[in-house]
Amino acid sequence: MPDVAEILIPLALDTAYSYVVPEGLRLAEGDVVQVPLGPRETVGVVWGLAQTAGGSNLRPVTGRVDAPPLSEPLRRLVDWIARYTLAPKGSALAMVLRLPDEAAARETARVGVRVSGKAPTRATPARRKVLEAAADGALHGKSALAKAAGVSLSVVDGLIDDGALEAVAVEPEAVAPPPDPDHPRVPLSDAQEAAALELIAGPGKALASPGEGNARVSGSALQPVEPAAPGPVLLEGVTGSGKTEVYFEAVAHCVRAGRQALILMPEIALTAQFLDRFAARFGVRPAAWHSGVGGRRRERLRAAVAAGEARVVVGARSALFLPFRQLGLIVVDEEHESAYKQEDGVHYHARDMAVVRGRLEGCPVVLASATPSIESRVNAERGRYRHVRLPERFGGRRLPDIRAIDMRLDGPERGRFLSPPLINAIKANLAAGEQSLLFLNRRGYAPLTLCRACGHRYRCRNCSTWLVEHRFRKALVCHQCGYAEPRPQACTECGTFDNLTACGPGVERIAEEVSELFPDRRIIVLSSDFPGGAERLRMELDAVAAGECDIVVGTQLVAKGHNFPHLTLVGVLDADIGLTSGDPRAAERTFQLLQQVTGRAGRGERPGRALVQTYQPTHPVIAALLSGDAERFYAEEVAAREAAGLPPFGRLAALIVSAAEREAAEAQGQALARVAEPPPGAMVLGPAEAPLALVRGRYRFRLLVKTERNVDLQSYLRDWLARAPKPRGSVRVAVDVDPQSFL
DNA sequence: AGCACGCCGACT
DNA sequence: GTCGGCGTGCTC
């Protein structure tokens, strides 16, 4: 009987394909192999092995690929994610497999040059400059040397050809130097020590030796090293309470135990600042994995992770799929961040997938946040997650003083957006030589453009949204789908010249107002459309953190994961943005965002100030923010959702229908209206009067499906669709998932 | 993902 | 009469 291998191919295929294993090839589950597929060869992973009679019509496996095999937990993660997200298994595999691309393979090894001692045949001024710069005889990077000499790279190349410089292949710098868990560090506070102990050792252990005073995490209490208690833990600590230092202890413990640790962060929070904090604790910077790490380095890091050499990886959400050899800990920093949602391709929430991976790997998962998501909070309260709290700021730091500015009483003059009390506060802050942040969660210059002559409002061709003016780009841009058109000189509707008017503020407009008020101050606008891309933005954030700026005008990204140690005043410009949207998470999101951003104020032991411009000072979200009563906010929000029939959890299924399909259906009187009558346990999200949102040329329904624990959403939806006429369009699961169902 | 097949518009 | 648009379907 021939050996047959079930091979899962990283394409949008839901089932593994069968291939014959040729004589002499020994395969194990998880091996990466090459197989024929149609006219070409592809890679795949052995998902199963069997001996069967027949199967003579099957094509043979070509051979094994030189790549580390996929571990059992990682294969189970692929199965799990595919099932949970309704994605084809092959698509889930593709996230894990990400093979070395050819571009990376072709990338040449780094070359260093040094003086050979031989004089150049011809000595031009440019060549002399290079030789002077390299006169120390040390090894120099080619481009670095050219730069230092102020000449172009070709001069250096010319000298190499001439023999005056010799090229030496340099060992690339280590991708993942080992972190030292016992590197000298600043002592933790008692609260931090207790939290770290509880994190590592499990509940109750923190108080295990009360007689000894304060047990120290690195002291004898936890030696010899045993693996940390598995399972999810919510680490909740107010801004400035030192959560990072606490989970660093869990990371240190994991490293001492000889296992690997993964720290997940929202992409934007992966800055030099964080890497330096890590270096201060562990002596070296951690291996960093994010979209900016490319080519050879990416591949080498993957290999180091698979070999178990990379002990600690800090990465954005895709790092969750790295092939760790022995994963001992996952930390999800800023657990509430919506950046953990992947919304194209396979839809998933990295925080929840981290919990799943942790369970499959048998390791702890630390969810850290100052403002946890509702679902994590409820999970902690109901005992599904352990809950460790840091209720106080570190080192006697106090929470900022937050006050509302009632815009109905103290509003700005017409066409302006900064209220007099806020302007005065900024003035005082500048006079004291301190940094201020103005927060407005709206990119661009103005959210709406209209023609003063005919009243025409500019909207997106693909989406049901207004076009946002971006003055810097001289364009009108759709924030939904990215569609952009140049800002017209004359109204496209009535032809009137120069009569378009910008309505409402975006950060660009605020920056304009600020520069008029404070013309000689250093002002910077930070938003996701920062010119120069993510890398530049990261650098800019680090510069701001270093104090190289007087006034920052920023969108939500300034609220995320950064410390700005020089910041003492935060002005929130329109606290009410987002409160009126139909999103069931509107209140939660706004509360988290405002609490994060106002929490940025404060310097050392001096509390900062936050001034919140609002038209609704008594709104529950604003009131909770002003009083600092997060407990009450969470309790009220959960109660409100229950009263509205919305669970704190749910999975969202999205039915995506093209505009053409919808029109066709409506012409036949079908109207896809059955979506308005979802099955029991499911509900349609969105404003009742507009159940359809037009996004990227496609109508999108979202169904919030309440599922009981362990209910299989796929069969649930399949049942429902079987009873209803077959929908036009496809059903996909979006990413508001239900953590109950996987614990 | 590729790469076929397939059915309707403007061209050597 | 063909070239070519991308919609749909298949790859063990």
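The values are calculated or read from the model by the stated rules, or taken from the named source; none is laboratory data. No experiment lies behind these values; they were computed from the predicted model shown. So basically every Cβ, Gly included, is an ideal-geometry build from the backbone, and we count neighbours across all protein chains shown. Surface areas here come from the heavy atoms of the whole protein model, side chains and all, with no ligands, DNA or RNA. Shrake-Rupley method; radii C 1.70, N 1.55, O 1.52, S 1.80 Å.
Regarding A:CYS503, is this residue over 19 Å from A:GLY433 (Cα atoms), surrounded by 20 or more Cβ atoms within 10 Å (Cβ to Cβ) and more than 25 Å from the chain's Cα centre (by Cα)? Full working, then the answer.
On the way: over 19 Å from A:GLY433 (Cα atoms): yes; surrounded by 20 or more Cβ atoms within 10 Å (Cβ to Cβ): no; more than 25 Å from the chain's Cα centre (by Cα): yes.
Judged against the criteria, A:CYS503 is not a match.
Among what's in the stretch A:343-375 and is farther than 26 Å from A:GLU637 by Cβ and open to solvent by less than 10 Å² (accessible area, probe 1.4 Å), pick the residue that is nearest to DNA strand C (Cβ to nearest atom). Here the answer is A:ARG357. Residue check: is A:VAL45 in contact with a strand residue (DSSP E or B) (Cβ under 7 Å, 6 or more places away or on another chain), farther than 26 Å from A:VAL355 by Cβ and either without any contact (Cβ under 8 Å) to a residue 60 or more places away in the chain or crowded, with 21+ Cβ neighbours inside 10 Å (or both)? Considered against the rule, which asks whether it is in contact with a strand residue (DSSP E or B) (Cβ under 7 Å, 6 or more places away or on another chain), farther than 26 Å from A:VAL355 by Cβ and either without any contact (Cβ under 8 Å) to a residue 60 or more places away in the chain or crowded, with 21+ Cβ neighbours inside 10 Å (or both), A:VAL45 comes out as no. Could you please find all residues in the stretch A:270-301 being open to solvent by less than 40 Å² (accessible area, probe 1.4 Å), in a helix (DSSP H, G or I) and at pLDDT 90 or above? The answer is A:PHE274, A:LEU275, A:PHE278, A:ALA279, A:ARG281, A:PHE282, A:LEU301. Looking only at residues of the stretch A:1-27 that are open to solvent by 50 Å² or more (accessible area, probe 1.4 Å) and away from DNA strand B (no atom under 16 Å from the Cβ), we find that the one that is nearest to A:PRO73 (Cα to Cα) is A:GLU6. Does the stretch A:508-516 contain at least one residue that is closer than 19 Å to A:GLU434 by Cβ, in contact (Cβ under 8 Å) with a residue 60 or more places away in the chain, open to solvent by 20 Å² or more (accessible area, probe 1.4 Å) and of a type in the set (A, V, I, L, M, F, W, C)? Scanning the stretch A:508-516, I find no residue that is closer than 19 Å to A:GLU434 by Cβ, in contact (Cβ under 8 Å) with a residue 60 or more places away in the chain, open to solvent by 20 Å² or more (accessible area, probe 1.4 Å) and of a type in the set (A, V, I, L, M, F, W, C), so the answer is no. The set of residues in the stretch A:546-577 being modelled with pLDDT under 90 and part of a helix (DSSP H, G or I) consists of A:LEU557, A:VAL558, A:ALA559.
For the criterion of being under 15 Å from A:ALA250 (Cα atoms) and either crowded, with 16+ Cβ neighbours inside 10 Å or at pLDDT 85 or above (or both), A:PRO178 fails.
For the stretch A:83-95, does any single residue satisfy the condition of being open to solvent by 20 Å² or more (accessible area, probe 1.4 Å), outside any strand (DSSP E or B), more than 16 Å from DNA strand B (Cβ to nearest atom) and in contact (Cβ under 8 Å) with a residue 40 or more places away in the chain?
Going through the stretch A:83-95, the residues open to solvent by 20 Å² or more (accessible area, probe 1.4 Å) turn out to be A:83, A:86, A:88-89, A:91, A:94-95.
Applying the additional criterion that residues be outside any strand (DSSP E or B) yields A:83, A:86, A:88-89, A:91, A:94-95.
Now narrow it down to the ones that are more than 16 Å from DNA strand B (Cβ to nearest atom): A:83.
The next check asks that each one be in contact (Cβ under 8 Å) with a residue 40 or more places away in the chain; those that pass are A:83.
Yes, some residue in the stretch A:83-95 is open to solvent by 20 Å² or more (accessible area, probe 1.4 Å), outside any strand (DSSP E or B), more than 16 Å from DNA strand B (Cβ to nearest atom) and in contact (Cβ under 8 Å) with a residue 40 or more places away in the chain.
Here A:TRP80 fulfils each of the conditions (1) open to solvent by less than 50 Å² (accessible area, probe 1.4 Å); (2) more than 12 Å from DNA strand C (Cβ to nearest atom); (3) under 30 Å from A:LYS341 (Cβ atoms) apart from (1). Applying the criterion of being in a loop (DSSP other than H, G, I, E, B) and either touching a Cys at 6+ places or on another chain (Cβ under 7 Å) or within 13 Å of DNA strand B (Cβ to nearest atom) (or both) to the residues of the stretch A:28-62, the residue that is nearest to A:SER91 (Cα to Cα) is A:GLY38.
Among the basic types (Lys, Arg) and in contact with a helix residue (DSSP H, G or I) (Cβ under 9 Å, 6 or more places away or on another chain): does that describe A:ARG509? No, not satisfied. Which residues, taken from the stretch A:417-446, are within 27 Å of the chain's Cα centre (by Cα) and either of a type in the set (Ser, Thr, Tyr) or over 19 Å from A:ALA559 (Cβ atoms) (or both)? If the condition is that a residue be within 27 Å of the chain's Cα centre (by Cα) and either of a type in the set (Ser, Thr, Tyr) or over 19 Å from A:ALA559 (Cβ atoms) (or both), then A:SER436, A:TYR445, A:ALA446 are the ones that fit.
Kindly indicate which of A:ARG521, A:ARG536 is in a loop (DSSP other than H, G, I, E, B) and open to solvent by 40 Å² or more (accessible area, probe 1.4 Å). Break it down into steps so the answer makes sense when it comes.
On the way: A:ARG536 fails: in a loop (DSSP other than H, G, I, E, B).
Among A:ARG521, A:ARG536, only A:ARG521 is in a loop (DSSP other than H, G, I, E, B) and open to solvent by 40 Å² or more (accessible area, probe 1.4 Å).
Among residues of the stretch A:313-341 being in a helix (DSSP H, G or I) and among the aromatic types (Phe, Trp, Tyr), the one that is farthest from A:ARG302 (Cα to Cα) is A:TYR340.
Confirm whether A:VAL293 is away from DNA strand B (no atom under 16 Å from the Cβ), free of Cβ contacts under 8 Å to residues at least 60 places away in the same chain and either farther than 21 Å from A:ARG536 by Cβ or under 20 Å from the mean Cα position of the chain (by Cα) (or both).
It is true that A:VAL293 is away from DNA strand B (no atom under 16 Å from the Cβ), free of Cβ contacts under 8 Å to residues at least 60 places away in the same chain and either farther than 21 Å from A:ARG536 by Cβ or under 20 Å from the mean Cα position of the chain (by Cα) (or both).
When A:LEU322, A:LEU264 are checked against the criterion of being farther than 30 Å from A:TYR634 by Cβ and in contact with a strand residue (DSSP E or B) (Cβ under 9 Å, 6 or more places away or on another chain), a single residue qualifies: A:LEU322. Would you check which residues across the stretch A:243-265 are outside any helix (DSSP H, G or I) and open to solvent by 10 Å² or more (accessible area, probe 1.4 Å) and list them? Result: A:ALA257, A:GLY258, A:ARG259.
Every listed requirement among (1) in a loop (DSSP other than H, G, I, E, B); (2) open to solvent by less than 10 Å² (accessible area, probe 1.4 Å) is met by A:THR580 save one, (2). I'm trying to understand the selection: among the residues of the stretch A:594-614, which are buried (at least 16 other Cβ atoms within 10 Å of the Cβ) and part of a loop (DSSP other than H, G, I, E, B)? Listed by number, the residues that qualify are A:GLY599, A:ARG600, A:ALA601, A:GLY608.
Given the structure, is A:GLU343 at positive phi and within 13 Å of the chain's Cα centre (by Cα)?
Details: at positive phi: no; within 13 Å of the chain's Cα centre (by Cα): yes.
When the stated conditions are applied, A:GLU343 does not pass them.
Residues in the stretch A:1-54 that are touching a Ser or Thr at 6+ places or on another chain (Cβ under 8 Å), among the small types (Gly, Ala, Ser) and more than 8 Å from DNA strand C (Cβ to nearest atom): A:ALA5, A:GLY30. Scanning the stretch A:423-440 finds one or more residues that are under 30 Å from A:GLU343 (Cβ atoms) and assigned to a loop (DSSP other than H, G, I, E, B).
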